[in-house]
1. Relative to the Cα centre, what is the charge dipole magnitude of the chain, using +1 at the beta carbon of each Lys and Arg, -1 at the beta carbon of each Asp and Glu, and rounding to the nearest 20 debye?
2. Relative to the longest principal axis of the C-alpha atoms of the chain, give the angle of the C-alpha long axis of helix 404-429, reported between 0 and 90° and rounded to the nearest 10°.
3. Bins of 10 Å, beginning at zero and ending with the bin holding the largest distance: percent of Cα pairs per bin for region 19-146, please.
4. Within region 182-252, list the trypsin sites (Lys or Arg not before Pro) lying in a DSSP loop whose Cβ has at most 11 other Cβ atoms in a 10 Å radius.
5. When only alpha-carbon atoms count, how far does the chain stretch along each of its three principal axes, as whole angstroms with the largest first?
6. Ignoring any ligand, DNA or RNA, what whole percent of the accessible area of region 342-478 comes from carbon and sulfur when the probe is 1.4 angstrom?
7. Once both axes come from the Cα atoms, what is the angle between helix 2-11 and the longest principal axis of the chain, in degrees from 0 to 90, rounded to 10?
8. Taking DSSP loops as anything outside H, G, I, E and B, show the longest stretch in the chain free of chymotrypsin sites (Phe, Trp or Tyr not before Pro) there with at most 11 other beta carbons within 10 Å.
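The values are calculated or read from the model by the stated rules, or taken from the named source; none is laboratory data. A quick note: this is a predicted structure, and the numbers were derived from the prediction, not measured. Because the Cβ atoms are built from the backbone with ideal geometry, glycine has one as well, and the counts that use them run over all protein chains shown. Please note that ligands, DNA and RNA were not included when accessible areas were found on the heavy atoms of the full protein model with its side chains. Shrake-Rupley method; radii C 1.70, N 1.55, O 1.52, S 1.80 Å.
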Amino acid sequence: MADLHAAARLSDAKVVDIWPDPEPLPSALQPVAPFDGSLLPDAFQPWVMDIADRMQCPPDMVAVTVMVAAGSVIGRKVGIRPQERTEWTEWPNIWGCVIGRPGALKSPAMGEALKPLNRLQTEARTRFEVESEQWQAGDAERDMRADARKGEMKRRLKGNPNADLSDLATGELSGPTLRRYFVNDATYQSLGDLLIENPNGLLVHRDEMLSLVRALDREENCEARGFYLTGWNGADSYTFDRIGRGKNLHIPSLTLSLIGSTQPGKIRDYVVQAVTGGSGDDGLLQRFQMMVWPDMAGQWKEADRYPDREGRDRSYAAFRHLDMLTPGACGAEVDQFDSDKPFLRLAVDGLEVFRDWRTRLELRLRSGELHPALESHLSKYRKLVPAVALIDHLAAGNIGAIGGASVLRAIAWAEYLESHASRIYGAALNAASDNARRIMREVNRGALPLALTARDIMRRNWAGLSDKASVMAALEMLEDHHQVRRDDLPAGPKGGRPSVQWVVNPKAAKGVLSVLSVSR
(Lines give C-alpha, C1' and ligand atoms only; values in the text may rest on other atoms or scores of the structure.)
Protein backbone atom coordinates (compact mmCIF):
# COMPACT_ATOMS: atom_id res chain seq x y z
CA MET A 1 0.00 0.00 0.00
CA ALA A 2 2.93 2.33 0.61
CA ASP A 3 3.52 2.75 -3.09
CA LEU A 4 -0.17 3.53 -3.73
CA HIS A 5 -0.19 6.18 -1.02
CA ALA A 6 3.00 7.73 -2.34
CA ALA A 7 1.69 7.75 -5.88
CA ALA A 8 -1.73 8.91 -4.75
CA ARG A 9 -0.16 12.06 -3.35
CA LEU A 10 1.07 12.70 -6.87
CA SER A 11 -2.08 11.68 -8.72
CA ASP A 12 -3.93 14.90 -8.18
CA ALA A 13 -4.07 16.73 -11.51
CA LYS A 14 -2.35 19.78 -10.09
CA VAL A 15 0.52 17.67 -8.72
CA VAL A 16 0.83 15.72 -11.95
CA ASP A 17 1.22 18.97 -13.83
CA ILE A 18 4.26 19.73 -11.69
CA TRP A 19 6.05 16.67 -13.03
CA PRO A 20 8.25 17.45 -16.03
CA ASP A 21 7.60 15.65 -19.27
CA PRO A 22 9.65 12.44 -19.40
CA GLU A 23 12.46 12.34 -21.94
CA PRO A 24 13.16 9.31 -24.10
CA LEU A 25 16.04 7.14 -23.01
CA PRO A 26 19.11 7.06 -25.25
CA SER A 27 19.43 4.10 -27.55
CA ALA A 28 21.75 1.45 -26.15
CA LEU A 29 22.54 0.18 -29.64
CA GLN A 30 24.72 2.15 -31.98
CA PRO A 31 23.97 1.88 -35.69
CA VAL A 32 26.00 -0.58 -37.73
CA ALA A 33 27.07 -0.53 -41.35
CA PRO A 34 24.87 -2.77 -43.52
CA PHE A 35 26.62 -5.68 -45.16
CA ASP A 36 27.72 -5.12 -48.74
CA GLY A 37 28.16 -8.23 -50.86
CA SER A 38 31.16 -6.65 -52.59
CA LEU A 39 33.18 -7.31 -49.41
CA LEU A 40 33.28 -10.98 -50.34
CA PRO A 41 35.67 -12.66 -52.76
CA ASP A 42 34.01 -12.80 -56.17
CA ALA A 43 33.65 -16.58 -55.96
CA PHE A 44 31.49 -16.33 -52.82
CA GLN A 45 29.31 -13.28 -53.50
CA PRO A 46 26.34 -14.76 -55.44
CA TRP A 47 26.15 -17.84 -53.22
CA VAL A 48 26.21 -15.95 -49.91
CA MET A 49 23.66 -13.35 -50.99
CA ASP A 50 21.41 -16.08 -52.41
CA ILE A 51 21.43 -17.94 -49.09
CA ALA A 52 20.56 -14.77 -47.19
CA ASP A 53 17.72 -13.93 -49.59
CA ARG A 54 16.18 -17.41 -49.50
CA MET A 55 16.43 -17.59 -45.70
CA GLN A 56 15.43 -13.94 -45.21
CA CYS A 57 18.25 -13.47 -42.73
CA PRO A 58 21.00 -10.83 -42.54
CA PRO A 59 23.77 -11.71 -45.03
CA ASP A 60 26.34 -10.84 -42.35
CA MET A 61 25.64 -14.16 -40.63
CA VAL A 62 26.48 -16.16 -43.73
CA ALA A 63 29.38 -14.01 -44.93
CA VAL A 64 31.34 -14.04 -41.67
CA THR A 65 31.01 -17.81 -41.40
CA VAL A 66 32.19 -18.30 -44.99
CA MET A 67 35.26 -16.11 -44.49
CA VAL A 68 36.26 -17.88 -41.27
CA ALA A 69 35.75 -21.29 -42.92
CA ALA A 70 37.80 -20.31 -45.99
CA GLY A 71 40.63 -19.06 -43.81
CA SER A 72 40.62 -22.31 -41.83
CA VAL A 73 41.02 -24.37 -45.02
CA ILE A 74 44.07 -22.31 -46.03
CA GLY A 75 45.39 -22.65 -42.50
CA ARG A 76 49.14 -23.05 -42.38
CA LYS A 77 49.59 -23.70 -46.12
CA VAL A 78 50.68 -20.13 -46.69
CA GLY A 79 50.88 -16.91 -44.69
CA ILE A 80 51.25 -13.25 -45.58
CA ARG A 81 54.09 -10.86 -44.83
CA PRO A 82 52.47 -7.42 -45.05
CA GLN A 83 55.72 -5.48 -44.92
CA GLU A 84 58.32 -5.29 -47.65
CA ARG A 85 61.32 -6.60 -45.73
CA THR A 86 60.46 -7.78 -42.22
CA GLU A 87 59.63 -11.31 -41.10
CA TRP A 88 56.25 -10.28 -39.63
CA THR A 89 53.92 -13.06 -40.80
CA GLU A 90 50.18 -13.49 -40.30
CA TRP A 91 48.08 -16.58 -40.95
CA PRO A 92 44.47 -16.59 -42.20
CA ASN A 93 42.91 -18.34 -39.18
CA ILE A 94 40.18 -15.97 -37.96
CA TRP A 95 37.82 -15.99 -34.98
CA GLY A 96 34.23 -14.98 -35.66
CA CYS A 97 30.93 -14.77 -33.80
CA VAL A 98 27.38 -14.01 -34.94
CA ILE A 99 25.09 -12.21 -32.48
CA GLY A 100 21.33 -12.34 -32.76
CA ARG A 101 18.19 -12.96 -30.77
CA PRO A 102 16.68 -16.46 -30.53
CA GLY A 103 14.85 -17.19 -33.76
CA ALA A 104 17.09 -14.91 -35.84
CA LEU A 105 18.15 -17.94 -37.94
CA LYS A 106 21.77 -17.77 -36.78
CA SER A 107 22.34 -21.53 -36.71
CA PRO A 108 20.64 -22.33 -40.04
CA ALA A 109 22.53 -19.51 -41.78
CA MET A 110 25.84 -20.69 -40.40
CA GLY A 111 24.97 -24.27 -41.30
CA GLU A 112 24.48 -23.30 -44.94
CA ALA A 113 27.79 -21.45 -44.97
CA LEU A 114 29.62 -24.48 -43.58
CA LYS A 115 28.31 -26.93 -46.16
CA PRO A 116 31.44 -26.78 -48.34
CA LEU A 117 33.49 -27.72 -45.28
CA ASN A 118 31.09 -30.55 -44.49
CA ARG A 119 31.49 -31.84 -48.02
CA LEU A 120 35.29 -31.80 -47.74
CA GLN A 121 35.03 -33.63 -44.41
CA THR A 122 32.72 -36.28 -45.87
CA GLU A 123 35.08 -36.89 -48.80
CA ALA A 124 38.05 -37.12 -46.43
CA ARG A 125 36.23 -39.67 -44.29
CA THR A 126 35.40 -41.77 -47.34
CA ARG A 127 39.07 -41.77 -48.41
CA PHE A 128 40.12 -42.66 -44.89
CA GLU A 129 37.79 -45.66 -44.77
CA VAL A 130 39.15 -46.99 -48.09
CA GLU A 131 42.76 -46.44 -47.01
CA SER A 132 42.08 -48.09 -43.64
CA GLU A 133 40.69 -51.19 -45.34
CA GLN A 134 43.75 -51.37 -47.57
CA TRP A 135 46.04 -50.89 -44.59
CA GLN A 136 44.33 -53.63 -42.60
CA ALA A 137 44.55 -55.95 -45.59
CA GLY A 138 48.35 -55.63 -45.43
CA ASP A 139 48.66 -56.44 -41.72
CA ALA A 140 49.69 -60.06 -42.30
CA GLU A 141 52.31 -59.13 -44.89
CA ARG A 142 53.82 -56.43 -42.64
CA ASP A 143 53.99 -58.88 -39.72
CA MET A 144 55.74 -61.52 -41.82
CA ARG A 145 58.23 -58.99 -43.19
CA ALA A 146 58.99 -57.77 -39.67
CA ASP A 147 59.56 -61.37 -38.51
CA ALA A 148 61.80 -62.04 -41.48
CA ARG A 149 63.93 -58.95 -40.71
CA LYS A 150 64.31 -59.99 -37.10
CA GLY A 151 65.35 -63.50 -38.17
CA GLU A 152 67.98 -62.15 -40.56
CA MET A 153 69.32 -59.79 -37.88
CA LYS A 154 69.70 -62.69 -35.43
CA ARG A 155 71.45 -64.80 -38.06
CA ARG A 156 73.98 -62.06 -38.88
CA LEU A 157 74.65 -61.12 -35.29
CA LYS A 158 75.14 -64.74 -34.32
CA GLY A 159 78.02 -64.99 -36.76
CA ASN A 160 79.34 -61.45 -36.16
CA PRO A 161 78.19 -59.26 -33.22
CA ASN A 162 79.39 -56.19 -35.14
CA ALA A 163 77.63 -57.07 -38.38
CA ASP A 164 76.16 -54.24 -40.47
CA LEU A 165 72.34 -54.22 -40.15
CA SER A 166 71.67 -50.89 -41.83
CA ASP A 167 70.06 -52.49 -44.86
CA LEU A 168 67.49 -54.15 -42.60
CA ALA A 169 66.59 -51.01 -40.66
CA THR A 170 63.21 -49.54 -41.45
CA GLY A 171 61.13 -46.78 -39.95
CA GLU A 172 57.99 -47.71 -38.08
CA LEU A 173 55.10 -47.66 -40.50
CA SER A 174 51.92 -45.86 -39.49
CA GLY A 175 48.40 -46.27 -40.77
CA PRO A 176 46.33 -43.66 -42.58
CA THR A 177 45.24 -40.50 -40.77
CA LEU A 178 41.79 -38.96 -41.06
CA ARG A 179 41.98 -35.40 -42.38
CA ARG A 180 39.87 -33.25 -40.08
CA TYR A 181 38.55 -29.81 -40.96
CA PHE A 182 36.49 -28.91 -37.90
CA VAL A 183 35.46 -30.00 -34.42
CA ASN A 184 32.41 -29.14 -32.37
CA ASP A 185 33.11 -30.26 -28.83
CA ALA A 186 36.57 -31.31 -27.69
CA THR A 187 38.83 -30.79 -24.70
CA TYR A 188 41.96 -28.80 -25.39
CA GLN A 189 44.01 -31.99 -24.91
CA SER A 190 41.97 -33.76 -27.59
CA LEU A 191 42.34 -30.72 -29.82
CA GLY A 192 46.07 -31.01 -29.33
CA ASP A 193 46.04 -34.65 -30.45
CA LEU A 194 43.98 -33.74 -33.52
CA LEU A 195 46.34 -30.88 -34.39
CA ILE A 196 49.33 -33.22 -34.26
CA GLU A 197 47.55 -35.28 -36.94
CA ASN A 198 46.28 -32.18 -38.77
CA PRO A 199 49.10 -29.62 -38.73
CA ASN A 200 47.26 -27.35 -41.18
CA GLY A 201 44.92 -26.31 -38.36
CA LEU A 202 41.30 -26.83 -37.38
CA LEU A 203 38.06 -24.86 -37.18
CA VAL A 204 36.25 -25.02 -33.84
CA HIS A 205 32.51 -24.58 -34.42
CA ARG A 206 30.35 -23.90 -31.37
CA ASP A 207 26.67 -23.10 -31.76
CA GLU A 208 26.76 -21.16 -28.46
CA MET A 209 30.19 -19.55 -28.42
CA LEU A 210 29.80 -17.89 -25.01
CA SER A 211 29.56 -21.31 -23.36
CA LEU A 212 33.11 -22.02 -24.52
CA VAL A 213 34.39 -18.55 -23.62
CA ARG A 214 32.88 -18.66 -20.13
CA ALA A 215 34.30 -22.14 -19.56
CA LEU A 216 37.74 -20.81 -20.44
CA ASP A 217 37.27 -18.06 -17.83
CA ARG A 218 37.19 -20.55 -14.97
CA GLU A 219 40.37 -20.83 -12.94
CA GLU A 220 40.59 -24.59 -13.38
CA ASN A 221 40.67 -24.09 -17.17
CA CYS A 222 43.54 -21.60 -17.29
CA GLU A 223 45.69 -24.07 -19.28
CA ALA A 224 42.93 -24.45 -21.87
CA ARG A 225 42.61 -20.67 -22.10
CA GLY A 226 46.32 -20.35 -22.77
CA PHE A 227 46.05 -23.07 -25.41
CA TYR A 228 43.32 -21.15 -27.28
CA LEU A 229 45.17 -17.85 -26.99
CA THR A 230 48.21 -19.51 -28.56
CA GLY A 231 46.01 -20.98 -31.30
CA TRP A 232 44.78 -17.54 -32.33
CA ASN A 233 48.27 -16.54 -33.44
CA GLY A 234 48.57 -19.54 -35.69
CA ALA A 235 52.35 -19.19 -35.60
CA ASP A 236 53.56 -20.78 -32.37
CA SER A 237 54.36 -24.37 -31.47
CA TYR A 238 53.00 -26.13 -28.39
CA THR A 239 54.31 -29.17 -26.51
CA PHE A 240 52.41 -31.31 -24.00
CA ASP A 241 54.51 -32.83 -21.21
CA ARG A 242 52.01 -34.45 -18.89
CA ILE A 243 51.96 -37.56 -16.74
CA GLY A 244 49.40 -39.90 -18.24
CA ARG A 245 49.65 -38.35 -21.69
CA GLY A 246 53.34 -38.74 -22.28
CA LYS A 247 56.14 -36.29 -22.91
CA ASN A 248 57.14 -34.31 -25.97
CA LEU A 249 53.74 -34.41 -27.66
CA HIS A 250 54.64 -31.62 -30.03
CA ILE A 251 52.37 -29.46 -32.20
CA PRO A 252 54.65 -27.67 -34.69
CA SER A 253 52.13 -24.89 -35.26
CA LEU A 254 49.05 -24.47 -33.11
CA THR A 255 46.50 -22.97 -35.52
CA LEU A 256 42.84 -22.59 -34.53
CA SER A 257 39.93 -20.85 -36.23
CA LEU A 258 36.71 -20.28 -34.26
CA ILE A 259 33.13 -19.63 -35.36
CA GLY A 260 29.95 -19.60 -33.33
CA SER A 261 26.96 -17.55 -32.25
CA THR A 262 25.44 -16.03 -29.16
CA GLN A 263 22.57 -13.82 -28.01
CA PRO A 264 22.64 -10.05 -27.39
CA GLY A 265 21.99 -10.27 -23.65
CA LYS A 266 24.70 -12.84 -23.14
CA ILE A 267 27.37 -10.94 -25.05
CA ARG A 268 26.42 -7.68 -23.35
CA ASP A 269 26.77 -9.19 -19.87
CA TYR A 270 30.08 -10.78 -20.79
CA VAL A 271 31.47 -7.59 -22.30
CA VAL A 272 30.47 -5.68 -19.16
CA GLN A 273 32.74 -8.02 -17.18
CA ALA A 274 35.54 -7.69 -19.72
CA VAL A 275 35.52 -3.88 -19.84
CA THR A 276 35.32 -3.48 -16.06
CA GLY A 277 38.35 -5.67 -15.35
CA GLY A 278 36.49 -8.84 -14.47
CA SER A 279 36.85 -12.22 -16.11
CA GLY A 280 37.71 -12.00 -19.75
CA ASP A 281 39.96 -8.95 -19.55
CA ASP A 282 43.07 -10.60 -21.03
CA GLY A 283 42.13 -10.05 -24.67
CA LEU A 284 40.35 -13.31 -25.47
CA LEU A 285 37.15 -11.51 -26.47
CA GLN A 286 39.01 -8.95 -28.59
CA ARG A 287 40.42 -11.77 -30.70
CA PHE A 288 36.99 -12.32 -32.21
CA GLN A 289 37.71 -9.81 -34.97
CA MET A 290 34.78 -10.96 -37.15
CA MET A 291 32.11 -10.41 -34.51
CA VAL A 292 28.85 -9.04 -35.96
CA TRP A 293 25.53 -7.93 -34.48
CA PRO A 294 23.39 -7.15 -37.54
CA ASP A 295 19.94 -5.59 -37.59
CA MET A 296 17.03 -7.78 -38.62
CA ALA A 297 15.24 -6.53 -41.70
CA GLY A 298 11.91 -4.88 -41.02
CA GLN A 299 10.37 -6.52 -44.08
CA TRP A 300 9.87 -10.18 -44.93
CA LYS A 301 8.99 -11.92 -48.15
CA GLU A 302 8.33 -15.50 -49.15
CA ALA A 303 11.36 -16.92 -51.00
CA ASP A 304 10.41 -20.46 -51.99
CA ARG A 305 12.80 -21.16 -54.84
CA TYR A 306 15.71 -23.39 -55.75
CA PRO A 307 19.22 -22.32 -54.74
CA ASP A 308 21.46 -20.53 -57.20
CA ARG A 309 23.22 -23.66 -58.41
CA GLU A 310 25.83 -21.85 -60.45
CA GLY A 311 26.80 -19.63 -57.52
CA ARG A 312 26.88 -22.58 -55.14
CA ASP A 313 29.04 -24.70 -57.46
CA ARG A 314 31.47 -21.82 -57.95
CA SER A 315 31.82 -21.39 -54.19
CA TYR A 316 32.31 -25.10 -53.59
CA ALA A 317 34.97 -25.13 -56.31
CA ALA A 318 36.75 -22.24 -54.58
CA PHE A 319 36.80 -24.18 -51.30
CA ARG A 320 38.16 -27.24 -53.10
CA HIS A 321 40.85 -25.07 -54.69
CA LEU A 322 41.89 -23.76 -51.26
CA ASP A 323 41.92 -27.31 -49.91
CA MET A 324 44.20 -28.57 -52.69
CA LEU A 325 46.41 -25.49 -52.59
CA THR A 326 50.17 -25.90 -52.15
CA PRO A 327 52.75 -23.20 -51.46
CA GLY A 328 54.40 -23.81 -54.80
CA ALA A 329 51.14 -23.59 -56.73
CA CYS A 330 50.37 -20.11 -55.37
CA GLY A 331 53.90 -18.80 -55.83
CA ALA A 332 54.78 -18.64 -52.14
CA GLU A 333 58.28 -17.78 -50.99
CA VAL A 334 60.20 -19.68 -48.33
CA ASP A 335 62.47 -18.07 -45.77
CA GLN A 336 65.88 -19.75 -45.71
CA PHE A 337 65.87 -19.53 -41.91
CA ASP A 338 62.25 -20.66 -41.47
CA SER A 339 61.48 -23.08 -44.27
CA ASP A 340 58.25 -24.44 -42.76
CA LYS A 341 56.48 -21.06 -43.06
CA PRO A 342 55.80 -20.27 -46.74
CA PHE A 343 54.42 -16.80 -47.38
CA LEU A 344 53.27 -14.24 -49.91
CA ARG A 345 54.15 -10.56 -49.82
CA LEU A 346 52.19 -7.54 -51.02
CA ALA A 347 52.58 -6.15 -54.51
CA VAL A 348 53.71 -2.53 -54.85
CA ASP A 349 50.15 -1.13 -54.98
CA GLY A 350 49.02 -3.38 -52.12
CA LEU A 351 51.95 -2.31 -49.98
CA GLU A 352 51.19 1.36 -50.49
CA VAL A 353 47.53 0.93 -49.54
CA PHE A 354 48.37 -1.17 -46.49
CA ARG A 355 51.00 1.27 -45.22
CA ASP A 356 48.55 4.16 -45.43
CA TRP A 357 45.84 2.21 -43.58
CA ARG A 358 48.17 0.96 -40.87
CA THR A 359 49.59 4.42 -40.26
CA ARG A 360 46.10 5.73 -39.62
CA LEU A 361 45.29 2.76 -37.37
CA GLU A 362 48.41 3.10 -35.25
CA LEU A 363 47.82 6.82 -34.74
CA ARG A 364 44.25 6.13 -33.58
CA LEU A 365 45.45 3.44 -31.18
CA ARG A 366 47.86 5.93 -29.62
CA SER A 367 45.48 8.90 -29.52
CA GLY A 368 43.84 8.03 -26.20
CA GLU A 369 40.43 8.76 -27.73
CA LEU A 370 39.21 5.13 -27.79
CA HIS A 371 37.86 3.17 -24.85
CA PRO A 372 40.58 0.68 -23.78
CA ALA A 373 38.39 -2.32 -24.68
CA LEU A 374 37.67 -1.02 -28.19
CA GLU A 375 41.29 0.04 -28.57
CA SER A 376 42.41 -3.50 -27.77
CA HIS A 377 39.87 -4.91 -30.22
CA LEU A 378 40.99 -2.66 -33.07
CA SER A 379 44.63 -3.46 -32.40
CA LYS A 380 43.86 -7.03 -33.48
CA TYR A 381 43.02 -5.69 -36.94
CA ARG A 382 46.77 -5.77 -37.56
CA LYS A 383 46.18 -9.47 -38.14
CA LEU A 384 42.67 -9.22 -39.59
CA VAL A 385 43.40 -7.01 -42.60
CA PRO A 386 46.39 -9.00 -43.90
CA ALA A 387 44.53 -12.28 -43.27
CA VAL A 388 41.42 -11.17 -45.19
CA ALA A 389 43.57 -9.85 -48.05
CA LEU A 390 45.26 -13.26 -48.27
CA ILE A 391 41.92 -15.13 -48.27
CA ASP A 392 40.53 -12.84 -50.97
CA HIS A 393 43.66 -13.26 -53.09
CA LEU A 394 43.76 -17.05 -52.88
CA ALA A 395 40.00 -17.62 -53.20
CA ALA A 396 40.19 -15.89 -56.58
CA GLY A 397 42.87 -18.35 -57.72
CA ASN A 398 45.57 -15.67 -57.89
CA ILE A 399 49.25 -16.47 -57.52
CA GLY A 400 52.22 -14.41 -56.46
CA ALA A 401 52.19 -11.03 -54.72
CA ILE A 402 48.89 -9.75 -53.30
CA GLY A 403 47.56 -6.69 -55.11
CA GLY A 404 45.91 -3.52 -53.95
CA ALA A 405 42.37 -4.69 -54.79
CA SER A 406 42.52 -7.47 -52.18
CA VAL A 407 44.01 -5.10 -49.60
CA LEU A 408 41.31 -2.48 -50.24
CA ARG A 409 38.63 -5.14 -49.80
CA ALA A 410 40.21 -6.21 -46.52
CA ILE A 411 40.27 -2.61 -45.30
CA ALA A 412 36.58 -2.27 -46.20
CA TRP A 413 35.96 -5.36 -44.05
CA ALA A 414 37.75 -3.67 -41.16
CA GLU A 415 35.64 -0.52 -41.48
CA TYR A 416 32.44 -2.55 -41.61
CA LEU A 417 33.46 -4.72 -38.64
CA GLU A 418 34.47 -1.69 -36.57
CA SER A 419 30.88 -0.44 -36.64
CA HIS A 420 29.78 -3.78 -35.19
CA ALA A 421 32.53 -3.71 -32.58
CA SER A 422 31.37 -0.22 -31.56
CA ARG A 423 27.82 -1.54 -31.15
CA ILE A 424 28.98 -4.52 -29.08
CA TYR A 425 31.21 -2.58 -26.69
CA GLY A 426 28.83 0.37 -26.66
CA ALA A 427 25.94 -1.87 -25.59
CA ALA A 428 27.99 -2.95 -22.60
CA LEU A 429 29.20 0.53 -21.73
CA ASN A 430 25.62 1.82 -22.01
CA ALA A 431 24.02 -1.15 -20.29
CA ALA A 432 22.23 1.26 -17.93
CA SER A 433 19.98 2.31 -20.82
CA ASP A 434 18.77 -1.25 -21.44
CA ASN A 435 18.33 -1.83 -17.71
CA ALA A 436 16.34 1.39 -17.36
CA ARG A 437 14.00 0.27 -20.14
CA ARG A 438 13.58 -3.08 -18.40
CA ILE A 439 12.58 -1.36 -15.15
CA MET A 440 9.93 0.74 -16.87
CA ARG A 441 8.56 -2.29 -18.73
CA GLU A 442 8.19 -4.14 -15.45
CA VAL A 443 6.51 -1.10 -13.85
CA ASN A 444 4.02 -0.85 -16.70
CA ARG A 445 3.09 -4.52 -16.53
CA GLY A 446 2.65 -4.34 -12.76
CA ALA A 447 5.66 -6.41 -11.74
CA LEU A 448 7.21 -3.44 -9.89
CA PRO A 449 5.50 -0.92 -7.58
CA LEU A 450 5.02 2.70 -8.54
CA ALA A 451 7.21 3.78 -5.63
CA LEU A 452 10.08 1.33 -5.68
CA THR A 453 13.42 0.67 -4.06
CA ALA A 454 16.63 -0.84 -5.38
CA ARG A 455 15.86 -3.90 -3.28
CA ASP A 456 12.52 -4.36 -5.08
CA ILE A 457 14.46 -4.74 -8.31
CA MET A 458 17.43 -6.79 -7.09
CA ARG A 459 15.31 -9.49 -5.47
CA ARG A 460 13.80 -10.31 -8.87
CA ASN A 461 17.31 -11.37 -9.96
CA TRP A 462 16.79 -10.23 -13.56
CA ALA A 463 19.76 -10.50 -15.87
CA GLY A 464 21.89 -7.36 -15.60
CA LEU A 465 19.89 -6.09 -12.61
CA SER A 466 20.97 -8.42 -9.82
CA ASP A 467 23.62 -6.16 -8.25
CA LYS A 468 23.16 -2.78 -6.61
CA ALA A 469 25.61 -0.91 -8.84
CA SER A 470 23.73 -1.87 -12.01
CA VAL A 471 20.36 -1.08 -10.46
CA MET A 472 21.45 2.32 -9.19
CA ALA A 473 22.97 3.22 -12.57
CA ALA A 474 19.65 2.41 -14.26
CA LEU A 475 17.57 4.34 -11.71
CA GLU A 476 19.83 7.35 -11.97
CA MET A 477 19.48 7.29 -15.74
CA LEU A 478 15.69 7.20 -15.35
CA GLU A 479 15.92 10.16 -12.96
CA ASP A 480 18.10 12.09 -15.42
CA HIS A 481 15.39 11.59 -18.04
CA HIS A 482 12.54 12.58 -15.67
CA GLN A 483 10.92 9.13 -15.68
CA VAL A 484 11.37 8.63 -11.93
CA ARG A 485 12.16 10.89 -8.99
CA ARG A 486 14.33 10.08 -6.02
CA ASP A 487 12.45 10.38 -2.73
CA ASP A 488 14.56 10.35 0.45
CA LEU A 489 12.42 9.06 3.29
CA PRO A 490 13.23 9.87 6.93
CA ALA A 491 13.72 7.20 9.54
CA GLY A 492 10.53 5.77 10.97
CA PRO A 493 9.15 6.55 14.45
CA LYS A 494 10.95 3.51 15.86
CA GLY A 495 14.29 4.66 14.49
CA GLY A 496 16.34 2.89 11.87
CA ARG A 497 18.12 4.25 8.86
CA PRO A 498 16.63 6.68 6.38
CA SER A 499 15.59 4.98 3.15
CA VAL A 500 15.40 5.90 -0.50
CA GLN A 501 12.60 5.15 -2.90
CA TRP A 502 12.09 6.08 -6.50
CA VAL A 503 8.66 7.35 -7.49
CA VAL A 504 7.56 6.83 -11.07
CA ASN A 505 6.55 9.89 -13.06
CA PRO A 506 2.79 9.46 -13.72
CA LYS A 507 3.37 10.76 -17.23
CA ALA A 508 5.79 7.88 -17.89
CA ALA A 509 3.67 5.07 -16.46
CA LYS A 510 0.83 3.68 -18.54
CA GLY A 511 -2.54 3.75 -16.85
CA VAL A 512 -1.24 5.05 -13.52
CA LEU A 513 -3.79 7.86 -13.16
CA SER A 514 -6.82 5.68 -13.77
CA VAL A 515 -5.62 3.09 -11.25
CA LEU A 516 -4.97 5.71 -8.61
CA SER A 517 -8.33 7.42 -9.06
CA VAL A 518 -10.06 4.11 -8.28
CA SER A 519 -7.80 3.42 -5.28
CA ARG A 520 -8.74 6.76 -3.76
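1. Working: 66 positive and 69 negative charges, 236 e Å.
Its charge dipole is roughly 1140 debye.
2. For 404-429 against the chain, the angle is about 40 degrees.
3. Per 10 Å bin, starting at zero, the Cα-Cα P(r) for region 19-146 comes out as 10, 25, 23, 18, 13, 7, 3, 1, 1, 0 percent.
4. Numbers: sites: R206, R214, R218, R225, R242, R245, K247; in loops: R218, R245.
Those satisfying the criteria are R218, R245.
5. 116, 54, 50
6. On the way: 2750 of 5450 Å².
Carbon plus sulfur share of accessible area: 51 percent.
7. The answer is roughly 60 degrees.
8. Numbers: sites that count: W300, F337.
Segment 1-299 is the longest.
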